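Structure, as C-alpha cells:
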Amino acid sequence: MNTPVRTFRSYWQVAPLSLVLLCFLVFPILTIVIVSFWDFNAYQLLPDFTFDNYAFSLTSDVTLKAYLNTFFYAIATWLITLILGFTVAYYLAFHIESNLMRNLLFILCTIPFLTSNIIRMISWIPLLGRNGLVNGLLTGSGMVDQPVEWLLYSDFSVILAFVHLYTLFMVVPIFNAMTRIDKKLIEAAMDAGASTLQTIFLVIVPLCRSGIVIGTVFILTLVMGDFITVRLMSGGLSASVGVLIYNEISLLQYPAAAADAVILLITILIIFSILFRFVDIKKEL
Amino acid sequence: MSQDDLTHTSKAPSSDSTSPENPSRRTLIKAAGAASGLALGSGAITGFPMVWSQNIKNVTLRQFGTGVSNINAIAEKAKEDLGINLQLTALDSDAVAQRAVTQPKSYDIADIEYWIGKKVFPAGVMQPLDVSRLKNFDKISSLFVTGKLTEDSTIAQGTAPHTVGFVESKESTKFATEPTNWMTLIPTIYNADTLGIRPDLIDRPIKNWKDIMDPAFKGKTSILNIPSIGIMDAAMICESMGEIQYADKGNMTREEIDKTIDILKEAKKAGQFRAFWKSFDESVNLMASGEVVIQSMWSPAVAAVRAKGIPCIYQPLEEGYRSWGGGIGLAKHLSGLELDAAYEYIDWYLSGWVGAYLMRQGYYSAAPSTSKAFMSENEWNFWMEGKPATADILSPEGKLMEKAGAVRDGGSYMERMGHVACWNSVMDENKYMVRKWNEFIAS
Amino acid sequence: MKKGAIELVCINKAYGNKEAIKDISLSIAAGHYCCLLGPSGCGKTTTLRIIAGHETPTDGDILLDNRNVTGLPPRKRGTALMFQNYALFPHLNCVDNTAFSLKISGVAKATRHAQAIEMLKLVNMESYTDALPDQLSGGQQQRVALARALINQPDVILLDEPLSALDPFLRGKMRVELKRIQQQLGITFVHVTHSQEEAFALSDQVVLMHDGVIEQQGTPKEIFQQPKTAFVAHFIGGHNVLEGQIHQNEFHTGSIRVKGLAQALSSSPRTNVPQQFSLRFDRIKAAPQPDEGLHTQPFTVDAVEYQGAVIQVQGHYQKGPELSVYVSDKAFFAHPFQPGQEIYLGWDAHDLNPLQPPVHS
C-alpha cells in the first residue's frame, strides 16, 4: 500500500526530526566548514576563501603533538574503561541477582556526575596533591621519602579523571548487551568444558561486541572532544586537540578553530568508519 | 573574575528623589563629597543628596565586562543615585572580547580592558565619548590622558591606556596620538600585577621576576595560561634573567616571541612549572594547597588566599609591575535618552563612590581625588599612601582584609603605579604569538 | 560393554523452602533411551540438569558407570546436554558451534573442523557448515545442537525438551532421527518431554514424574498396560478411572457390577474399601442394543468425537461413572450413535487394572 498519500504522510512524520537535525546539526556544521576558510585578524573575521588555516594546522608540529597526545589519552582511557567497564557490567549482569541491588549499584556508578566539573577537578587537589591524602599515606607509611609529584598535573591525572568520569559510558552499553545474552549459552559453554575465562573470551565478549563498540564510540568522542578535563587535570601543561581549539576560540581566532574542528571531525569520522567495519551497528541494536 | 556568565539585575529600590534638576551639579557634588567625607563611613552614606537628572529615571542600561568591576553593589548604588537600572553580565576577559566584537547589539556599555579595547574599537562597534559632556573628566588620573603619572615619569611598554584612549573624531576608529575631545574608554579600574609567593614555604627573599625560574622552586611554580597576559609575564621573566632585551614587551617581534617561547619550553621540559592556570579559582587553589609557592597572580587572588588564613604576599619586584587597566565605553547603537543616561552614569562613576568601593578591594580608582571623599583617612592612607593601617581594614562587604598595623604589599600608589614596566597589550604579531604559545603548551 | 549407565541415589533438590525433587532414585541402563515424562513443574528438567551437572543436588549421589560424579563439573562427567531452544552460539557458524568443545580442549583447528563436519554429516547438516544459527530453521538448529552434543563422544546425551519448538510434522521426523542416531551410536539418551506420545515412541524406559517424585517407571508397554496410579492413567491418556467398592470379589461402581475380578488383583482385595481401577477406552465394547457380555444398565451418550481410526464416545451411567469409549470406525459407522442416545457397554473383568492409591495424599 504505497500510495502517494501514504508516502506524503510518512514524510510529514519524519519532518520534525529532520528539521531539528537540519537546524541544530547540519546548519551549524556547515557554518563551521564555511568559517574554516575565512581569514581573520586580531579584531575580526574576514570572509574569504583561503586554505591558510588548514595549511597551518596540517603542517604544524603543535597539531601533530596535540593529536598524538589526544590519541594517547583516548586509547589509554579506552583501554582502561573497557577493562573496568566490562568487569563492572559483567558483575552487574551475571552476579547480581536482585534488581533493586542492581539499580542501587548503577546509581553508585553515576556518582561522579553528581558534582560539577569544576568542583570535581578541584577536589582532586586534596586527594592527589603534594600535600594530599595519597601522598600523606605514601610518605606516612614510609613507602616514599618525597611526595610523588606525578599524581597530579600529569598525564596520569588526566587519564585518571577521564576514567573516573567516563567508565559509566562503557558500563551501560556493555551491560545492555550482556543482559541480552541467553544464560543458557553460558551453561552450554560450561557444558563444553570452558573455564570462566574461556567463556568470557569465547562467548561473552563476542556477544557484547555491539556494546563494546558503542561504548568505544562514546569514550573516543568524549575524550577526543574534551578540553576542560585535559586543561584542568594536566594543570594546563599538556594540550589536546580540544584545548587547541578552545584556545583559538577564546582568542577570537574562529576560522583557525573552525579548521581544527573540521580536521578533528574528519579524524573521528575516519576512526568510526573503521570501527564500524567490525560491527554492523544497525543490526546489533 | 567570575568564570560564569551571570546576568545580575539590580534589585535596588527606586529612590523617590524630590530634587529638581540642578544646573550646577558640580558644585553640589563637591559639597556632597565634603559631607560624606565627614561621615567617615565605608559606604555608610545613605543620606547622599540626589542631584542627578530625573529624566533618566528607570532607563535600563546593559553593561557587560569582566567580573572585576561588574559588581552588584555598584548597580544598586546607581539605581539609588541615578534611578537607572543597570543589568550586569560578567564574563572572562576572552569572552568579553568576543562578545564585544561579535554581538555589539547585546550591550549598551562595555566594561573592558584597554588592550581589549585596542582589538574592539577598530571593529567599529563602539562610539567615542564626548569628554566635554563629562563634568569629572579633569579628575581622571593623568596616567590615562598623557600616560605619565608625574611630569618626569617614563611611559611603560605595552598597550598603555592613553595610547588607545582617544580617537581623532566622533566617527573615527583610528586612535589619536594626542588627547582629543573623543575618548574611547573612560577608565574605571586598574592595578599593577606581580608575582604572588608563599612566604612560609620560601626561605629566601624574592626580588626579581627571574626568581620564578630558580631551580630551588622546581615543580612549584606556575604562570597564567592566557596567552596575551602570560607572554608579558614571560617577557618580564626573560628580561629579568638577562636573556632577552625587548624593544617593547607589549609588541614583540617574531624573533623575540620565538626566543621567549624557547626559554619557556625549556623550563617546562625541565619541570620548572607545576601547572598553568587560567582562572582566578585555579590560581587560588594552587597557592592555597601549596602545590605552588611562587606564581603570577592577581591581587584579589592573593586576598582570597590570605582570607583562608594562609600567608601570601603580593611581592613587589625590582623590574616593576605588569599593569592593566579597564574602562567603560559606549556601544555604537546607543542614542537619545539612553545615551544621555549612559553619560550620566559614566560621570557618576567618576564622581567618587565607585572609586572608593573599588579601592577598598585593592584596585585603584581612575579619579583618585574624587574617591578620597568617600574613604576614611585610615583607608586612604593604607590603600593609597602605603601607610600602616591604624585600624582594621575591611572589604566593601565588611570582611576583614588586613589587621591594624599592616602595610600594603608594594607600598603607595606612586610606588606601585610609578613602577609599571609594561601594560597588558595586544601585539601586532598576536596571531603568531598565540600559535607559539600553543606550541609551548603542547610541548 | 556399553557405557553410560546412570544411577541416581536418593536425590533431593530444594530451592529455598520449595522442594523440586524429593528423594528420587533411578537407574538407567547403558545404551537405553530413557524419557523423563511429566507435566511442567514435575521436576523432570531439574533431574536432567542434575545429571548434567548444571544443578547441584541438595542431597544424594549421581553415579555414571558406577563412578560417583556428584561433585564433578559437566565436562568431566562424560555427559553432553542439548538445551531447550538449543543455545547455539549466535556468533559462530555451524562448524565452530559444533567444534566449540574441541576448541576448549585445545584441538587444532583443522582436526576439530574435520571432526565437526563428520558430526554434521551424521545429522545431515553437512551442507550448512558456514551458516550462522540465525540463518537456520528450528529443525536445522536442533540438528546442529545435537552434533555439538555428540562431538565429544559422550557416554550420555541429555536432551531438554528437544522437540518442543518444532512443528508437528518436523517433530515426527526428528523423533525418528533421534532414535536412529541413538541406536547407531549405542549410547544412553535421557530425554525430557511432556508428551507421552513422544516418550512412548522413543523410549526403552519411561520415567513418569509428578510433583518431584517418580510416579511410575517401566517400558512404554508396561506403563500403558498397567498404569500404577490414577495420575499416570490420566496423564498417559486413553484410560478411564473407575471408583467403587469390592463386594465378594465383585466390583461395584454405582449401579455397575463387574463379576469375577479375582485374577487381576495383586493382593487380596480388601472388601468394602473404596478402590480405583483403570479401564482403557479401547477395551470397552459398545452396542446400541443390550447383548450378551454387556451390562444391562443403559449408558447415555454425551458427546461423539471423530478421531479417524477410532471414534471416541463420551457418556455416563445414571448414578454411575462417566466413561470414554473408543469404537472402531468400522463398527461405529455400522451403527452410529447420537448424543442423548442410550447404548450398552461391556468389558472383561481382567481389563480392569487396579490402581494404587495416590503417592501423595
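What follows is calculated from the coordinates using simple rules that are stated; it is not laboratory data. Being a predicted model, the structure only gives us computed values, none of them experimental. Neighbour counts run over all protein chains shown; Cβ positions are idealised from the backbone, glycine included.
Over the Cα atoms of chain B, each weighted equally, I'd like the Debye log10 I(q)/I(0) at q = 0.09, 0.11, 0.12, 0.13 Å⁻¹, rounded to two decimals.
Log10 of I(q)/I(0), two decimals: -0.56, -0.85, -1.01, -1.19.
Once amide H atoms are placed 1.01 Å from N in the peptide plane, what residues at a sequence separation of 5 or more from A:PHE40, or on another chain, have their amide H within under 5 Å of its amide H?
A:LEU46
Considering only DSSP beta bridges whose two residues both sit in chain B, what percent are antiparallel, to the nearest 5? Before the final figure, lay out each step's value.
Numbers: 33 of 54 bridges.
Looking only at bridges with both residues in chain B, the antiparallel portion is about 60 percent.
Determine the relative contact order of chain B: mean sequence separation of Cα pairs under 8 Å and six or more apart, normalised by residue count, in whole percent. Don't skip to the answer; put the middle values down first.
Numbers: 901 pairs, mean separation 95.8, N = 443.
Normalised by residue count, the contact order of chain B is 22 percent.
Between B:LEU201 and C:HIS234, what FRET efficiency follows from the Cβ-Cβ distance if R0 is 60 Å, with the result rounded to 0.05?
The calculated FRET efficiency here is 0.05.
What fraction, in whole percent, of alpha-carbon pairs in the stretch B:259-318 exceed 14 Å separation?
Working: 1026 of 1770 pairs.
Roughly 58 percent, once rounded to a whole number.
Hey, rough spin-label estimate for A:PHE278 and A:PHE56, points 7 angstrom out along Cα→Cβ, what's it come to in nanometres?
3.7 nm
For chain B, modelled as a Gaussian network with Cα springs under 10 Å, which listed residue fluctuates most, B:ALA216, B:ALA366, B:ALA235?
B:ALA216
How would B:TRP277, B:TRP380, A:TRP78 line up from fewest to most surrounding beta-carbon atoms within 10 angstrom?
So the residues, fewest neighbours to most, are B:TRP380, A:TRP78, B:TRP277.
Kyte-Doolittle cut-off 0.5, length cut-off 30 Å along the helix's own axis using Cα: show which whole DSSP H helices in chain A pass.
A:61-90, A:155-179, A:254-275
Using the crude model of +1 on Lys and Arg Cβ and -1 on Asp and Glu Cβ, and no other charge, please compute the dipole size for chain C relative to its Cα centre, in debye to 20.
1040 debye
Given +1 on the Cβ of Lys and Arg, -1 on the Cβ of Asp and Glu, and no further charges, what dipole in debye does the stretch B:120-266 carry about its Cα centre, rounded to the nearest 20?
Details: 16 positive and 21 negative charges, 83 e Å.
With Lys and Arg at +1 and Asp and Glu at -1, about 400 debye.
Sort the stretch A:99-139 into rounded, prolate or oblate with this rule: let a ≥ b ≥ c be the square roots of the eigenvalues of the Cα gyration tensor; rounded if a/c is under 1.5, and if a/c is not under 1.5, prolate when a/b is larger than b/c, oblate otherwise.
The shape class here is oblate.
Distance in nm between label sites at A:VAL134 and C:THR300, each 7 Å beyond Cα in the beta-carbon direction?
9.0 nm
Provide a whole-number value for the mean count of partner chain Cβ atoms within 10 Å of the Cβ atoms in peptide A:194-206.
For peptide A:194-206, the averaged partner shielding equals 2.
In peptide C:140-149, what is the residue-averaged number of other protein chain Cβ atoms found within 10 Å of each Cβ?
Across the residues of C:140-149, the mean count of other-chain Cβ atoms within 10 Å is 1.
Would you please classify the overall shape of chain A from the alpha carbon gyration tensor, given that a ≥ b ≥ c denote the square roots of the eigenvalues, rounded means a/c under 1.5, and beyond that prolate means a/b larger than b/c while oblate covers the rest?
Working: a/c = 2.14, a/b = 1.09, b/c = 1.96.
The shape class here is oblate.
Taking Cα pairs under 8 Å and at least six residues apart, what relative contact order does chain C come out at, in percent?
About 16 percent, as a whole number.
Please work out the Cα center distance from the stretch B:121-183 to the stretch C:119-160, rounded to the nearest Å.
91 Å
Given the stretch C:108-213, what whole percent of its Cα pairs are spread farther than 18 Å?
Counting pairs separated by more than 18 Å, the tail of P(r) holds 51 percent.
Rounded to the nearest 5, what % of the DSSP beta bridges within the protein assembly as shown are antiparallel ones?
70 percent
For B:ALA391 and B:GLN245, compute 0.36 nm times the residue count separating them, minus their Cα-Cα distance, and round to one decimal in nm.
Extra length from B:ALA391 to B:GLN245 when fully extended: 48.1 nm.
Just tell me how shielded B:219-231 is by partners: mean number of partner chain Cβ atoms within 10 Å of each residue's Cβ, no decimals.
2
Going by how many other Cβ atoms sit within 10 Å of their own, how do A:ARG130, B:ARG274, A:ARG231, A:ARG120 line up, fewest first? Can you show the working numbers first?
Details: A:ARG130 21, B:ARG274 24, A:ARG231 28, A:ARG120 18.
Least to most surrounded, the residues fall as A:ARG120, A:ARG130, B:ARG274, A:ARG231.
Roughly what would the spin-label model give for A:ARG9 and B:LYS148, points 7 Å off Cα along C-beta, in nm?
8.7 nm
Sort the following peptides by mean Cβ neighbour count (other Cβ atoms within 10 Å, averaged over residues), highest first: B:225-231, C:209-215, B:197-203, C:136-142.
B:225-231, C:209-215, C:136-142, B:197-203
Which shape class, rounded, prolate or oblate, goes with the protein assembly as shown when its Cα gyration tensor gives a ≥ b ≥ c as root eigenvalues, a/c under 1.5 marks rounded, and past that a/b bigger than b/c marks prolate?
Here the protein assembly as shown falls in the prolate category.
Most exposed first by the Cβ proxy, i.e. fewest other Cβ within 10 Å, how do A:SER238, B:SER425 rank?
Working: A:SER238 24, B:SER425 28.
Sorted ascending by nearby Cβ count, the order is A:SER238, B:SER425.
What 222 nm value per residue comes from the helices of chain B, counting each DSSP H run with n ≥ 4 as -39,500 (n - 2.57) and dividing by all residues, nearest 500 deg cm²/dmol?
-9500 deg cm²/dmol
Suppose we keep just the DSSP beta bridges with both residues in chain C; what percent of those would be antiparallel, to 5? Please report the intermediate quantities before stating the final value.
Values: 54 of 73 bridges.
Around 75 percent of the beta bridges assigned by DSSP in chain C are antiparallel ones.
For C:LYS319, list the aspartates and glutamates whose Cα falls under 13 Å from its own Cα; do not include residues on the same chain fewer than 8 positions away.
Straight-distance partners of C:LYS319: C:GLU243.
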